[in-house]
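A short write-up of the structure that comes next.
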Amino acid sequence: MKGNFIDNLPKVYGIYTGGFIGFIIIMAIAEQMGMTAKAIGIAFVAFTVFIYALIGWLSRTAQADAYYVAGRQVPTVFNGMATAADWMSGASFVAMAGGIYFKGYGYMALLVGWTGGYVLVASLLAPYLRKFGCYTVPDFIGTRYGGNLARFSAVVVLTVASFTYVTAQINATGTIASVALDIPFQYAVYVGLVSILLCSMLGGMRGVTWTQVAQYIVLIIAYLLPVFWISNKMGAGFFPHFMLADEVARIGELEQQFGFVKNAAADLKSVPKGLAGITKAHSAVNATPWAFISLALAMMMGTASLPHVMMRYFTTPSVKAARKSVGWSLFFIFLLYSSAPMLATLSKLSLIDPNLPTGIIGKTFAEVEAIDWYQNWNQANLMFISDFNGNGTLELNEFFMGGKAVVLATPEIAGLPYVISGLVAAGGMAAAMSTADGLILAIANAISHDVYYKIIDPKAETAKRLLVARVLLVIIGFAGATIAAMEIQGILGSVIWAFDFAMSGLFFPLVLGVWWKRANRQGAIAGMLGGLAAGAWYLVWVRTGGSGFLGITQLTFGIFGSAVSLVLMVVVSLMTAEPDKATQKMVDDVRVPSGKSILGKSH
Amino acid sequence: MSNQQKHWEKTRGLLFITLAIWFVFSIGIFLFGAEMNKVTGPFGYPWTYWFTCQGSLGAFVILIFWFANRQEKIDEEFGFSEREDE
């Protein structure tokens, strides 16, 4: 079957999906026969990770174009699935529904931002970079603008942004591995790392592509199955996405009835760190237009600048396929993102509605404390109640929960069998692993291809280049895991920073490289380094007590960074000589799909 | 004007239309978020809430496929489309 593996893809992944569903059913039967919750959790994570590692091993390669761009033969729809897995991180999977649950509308700017960015990817960049024929994003910058300094600046921005991102992902794999396998977090991080490296080390981009498709299938089943199941079980609607309007309205009624009582600061001190109560209305507009739009805009421009996403479109067979593939990517992302608010709605209603058997608000403390799932999640430090007003019954403002609990605990609260919780753990693991893989590969490829091969040793043979690439992969992975083990920042915060860093340094140099012929080397270098420096400065300034301006916060500092980048790039470009004829011709060639790519098939 | 210049002119035109639609769904709507949310929208959800959950997201998916088809037509019109995936 090896020969025409590509033609057999639908069949291969069809069998794989069937096998995975079979595995879920076997686990469900095993649960009925008395298999313990812990054993089910271990089985799910171990089984799926083993399959990914197997795919990684089968995809091993010794060819540069297979290692860097999967041989440029990934079909449109499959590349869409791989990109969706690459894109949806542990944060999307585990934390997003929780964020919506607690912060409502203001948080949902991320939903709009993390999808709208793909319009920019499709229309401004992906097809043109595919035509260029580059292996990495700095490869485009280095060839379009010319010179080692431009190439190196791009590597710097890429590394800063992707490394910020990857520590968060390794952190997430560690969290899930430590819960599912029941080992301490410090070791679990390295278990996660080894699983990640198994997928990417032997096959590079080819290995990552085919494991990401497999991971997408696991994560989307793991996300959608509980949402549909809970919705049907609660009688909320057969198809939750179209049928939860009554539930949303009911939450609004209950919020009115309970009121948002503000807790005294002294009371809040007794709440464990990281847990929050419901303080914001579920469906009301609770953010100013600029707060919402600036966050969405930062995420959209960041999406178009993140190299691990862009490089997925280097693997399609043609320019046309690259465009379509962006559409498929967003479709597969849409399936999960549009379900997150539904999960948040179901989760919230099942907890706060006194008319539902699962509702806990209005019950006595003794009753709530006797509930099995409350005890479990309280022990896991994800749920907490405290009788602030001393009346003996639980009020809305006396109930606290961790953001992760919305995804992780809702199946159990709704009374679904434990097999679903095991499935969700496997889904979270798939989401975090697939993103970490893409990121580590993006960094290692940029350093091995652009710094080592293009700048240091242009005569290196393929075998040596790929060896360097693999050694770097391991080094970067371990560096990421070491920092992740220190647990410096939360998962979501560092993910958002990564977007801001990427847009500060790369958005305009990439876009203007295609759309503005006059853009030259000096301008691009100024734009990349100046933008990154300005963004980083703003972040440090706001973090150290600076007041900020124009409502730009530490989550949206990329707006400032990219504005500086744009101004510098335009001014410096216009002050220096225009690019030579050969470069202008190159830009003309990039703008039409037909003809040879700018860089050779193997370079 | 050469064939290639005409092709680029049309491509740029399509880009502006695409970005204009993108602007409406990613930014325009949310300028009036508070006002619009008072009105009941599709499937009974409040309008702004529905757009942030599903509406804008779905619009982006459709927009990208529409854009890709239009761009393919432009490429074909000027003879710049790829030959049978090389």
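The values are calculated or read from the model by the stated rules, or taken from the named source; none is laboratory data. Please read these numbers as outputs of a predicted model, since none were measured by experiment. Note that each Cβ is placed from the backbone with ideal geometry, even for glycine, and that neighbours are counted across all protein chains shown.
Filter region B:15-28 down to residues that are more than 9 Å from chain A (Cβ to nearest Cβ) and either touching a residue at least 24 places away in the same chain (Cβ under 8 Å) or not β-branched (Val, Ile, Thr) (or both), then give me how many there are.
The qualifying residues number 4.
Residues A:Thr115, A:Thr83, A:Thr76: which one is surrounded by fewer than 24 Cβ atoms within 10 Å (Cβ to Cβ) and among the β-branched types (Val, Ile, Thr)?
Testing whether each residue is surrounded by fewer than 24 Cβ atoms within 10 Å (Cβ to Cβ) and among the β-branched types (Val, Ile, Thr) leaves just A:Thr76.
With a cut-off of at least 3 residues that are of a type in the set (Ser, Thr, Tyr), name the helices (runs of 4 or more DSSP H) lying wholly within region A:507-596.
In region A:507-596, the matching helices (runs of 4 or more DSSP H) lie at A:557-575.
Among the candidates A:Ser195, A:Ser231, single out the residue that is under 25 Å from A:Leu335 (Cβ atoms), within 14 Å of chain B (Cβ to nearest Cβ) and not hydrophobic (A, V, I, L, M, F, W, C).
On the way: A:Ser195 fails: within 14 Å of chain B (Cβ to nearest Cβ).
None of the others qualify; the one that does is A:Ser231.
Inside region A:1-54, can you point out the residues that are in contact (Cβ under 8 Å) with a residue 24 or more places away in the chain and either outside any helix (DSSP H, G or I) or in contact with a Pro (Cβ under 7 Å, 6 or more places away or on another chain) (or both)?
A:Ile6, A:Leu9, A:Ala28, A:Glu31
Conditions (1) more than 10 Å from chain B (Cβ to nearest Cβ); (2) closer than 30 Å to B:Thr40 by Cα, marked per residue:
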site	(1), (2)
A:Gly302	yes, no
A:Met310	yes, no
A:Lys324	no, no
A:Gly327	no, yes
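Kindly list the number of the only condition in (1) within 7 Å of chain A (Cβ to nearest Cβ); (2) within 26 Å of A:Thr76 (Cα to Cα); (3) among the small types (Gly, Ala, Ser) that fails for B:Gly33.
(2)
Yes/no matrix, rows are residues, columns are (1) under 17 Å from A:Leu408 (Cβ atoms); (2) out of contact with any strand residue (DSSP E or B) (no Cβ under 8 Å at 6 or more places or on another chain); (3) touching a residue at least 12 places away in the same chain (Cβ under 8 Å); (4) crowded, with 21+ Cβ neighbours inside 10 Å:
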site: A:Val160; (1), (2), (3), (4): no, yes, yes, no
site: A:Tyr165; (1), (2), (3), (4): no, yes, yes, yes
site: A:Asn171; (1), (2), (3), (4): yes, yes, yes, yes
site: A:Asp182; (1), (2), (3), (4): yes, yes, yes, no
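Could you check A:Asp353 against (1) more than 10 Å from chain B (Cβ to nearest Cβ); (2) in contact with a Cys (Cβ under 7 Å, 6 or more places away or on another chain) and say which number it fails?
Only one criterion is unmet by A:Asp353, namely (2).
Pull up region B:6-40, narrow it to residues that are modelled with pLDDT of 90 or more and of a type in the set (S, T, N, Q), then point me to the one that is farthest from A:Ala304 (Cα to Cα).
This residue is B:Thr11.
For A:Asp86, only one of the following conditions fails: (1) of a type in the set (D, E, K, R); (2) modelled with pLDDT of 85 or more; (3) more than 25 Å from the chain's Cα centre (by Cα). What is its number?
(3)
Select, from A:Gly259, A:Gly252, A:Gly207, A:Gly237, the only residue that is among the small types (Gly, Ala, Ser) and closer than 26 Å to A:Tyr68 by Cα.
A:Gly207
So for region A:226-234 (the condition being in contact (Cβ under 8 Å) with a residue 12 or more places away in the chain, more than 30 Å from A:Asn79 (Cβ to Cβ), in a loop (DSSP other than H, G, I, E, B) and aliphatic (A, V, I, L, M)), does at least one residue qualify?
Yes: region A:226-234 contains one or more residues that are in contact (Cβ under 8 Å) with a residue 12 or more places away in the chain, more than 30 Å from A:Asn79 (Cβ to Cβ), in a loop (DSSP other than H, G, I, E, B) and aliphatic (A, V, I, L, M).
Can you name every one of the helices (runs of 4 or more DSSP H) wholly within region A:66-170 that holds 1 or more residues which are β-branched (Val, Ile, Thr) and under 25 Å from A:Gly427 (Cβ atoms)?
Counting at least 1 such residues, we get A:76-87, A:96-103, A:105-120.
For region A:171-212, enumerate the residues that are touching a Ser or Thr at 6+ places or on another chain (Cβ under 9 Å) and not in a helix (DSSP H, G or I).
Across region A:171-212, the qualifying residues are A:Pro184, A:Leu202, A:Gly203.
Could you tell me whether region A:327-335 includes any residue that is in a loop (DSSP other than H, G, I, E, B) and either modelled with pLDDT of 90 or more or over 30 Å from A:Pro226 (Cα atoms) (or both)?
Checked region A:327-335: no residue is in a loop (DSSP other than H, G, I, E, B) and either modelled with pLDDT of 90 or more or over 30 Å from A:Pro226 (Cα atoms) (or both).
Determine if region A:381-396 includes at least one residue that is assigned to a strand (DSSP E or B) and polar (S, T, N, Q). Let's see the steps before the verdict.
Quick first cut of region A:381-396, residues assigned to a strand (DSSP E or B) only: A:383-385, A:393.
Of the ones still in play, those that are also polar (S, T, N, Q) are A:393.
Yes, there is a match, as at least one residue in region A:381-396 is assigned to a strand (DSSP E or B) and polar (S, T, N, Q).
Inspect region A:122-139 for any residue being under 24 Å from A:Ser294 (Cα atoms), within 14 Å of chain B (Cβ to nearest Cβ) and among the aromatic types (Phe, Trp, Tyr) and give the result as yes or no.
For region A:122-139, residues under 24 Å from A:Ser294 (Cα atoms), within 14 Å of chain B (Cβ to nearest Cβ) and among the aromatic types (Phe, Trp, Tyr): absent.
Do you know which of the residues in region B:30-86 that are assigned to a loop (DSSP other than H, G, I, E, B) and touching a residue at least 60 places away in the same chain (Cβ under 8 Å) is surrounded by the most Cβ atoms within 10 Å (Cβ to Cβ)?
Out of the qualifying residues, it is B:Phe80.
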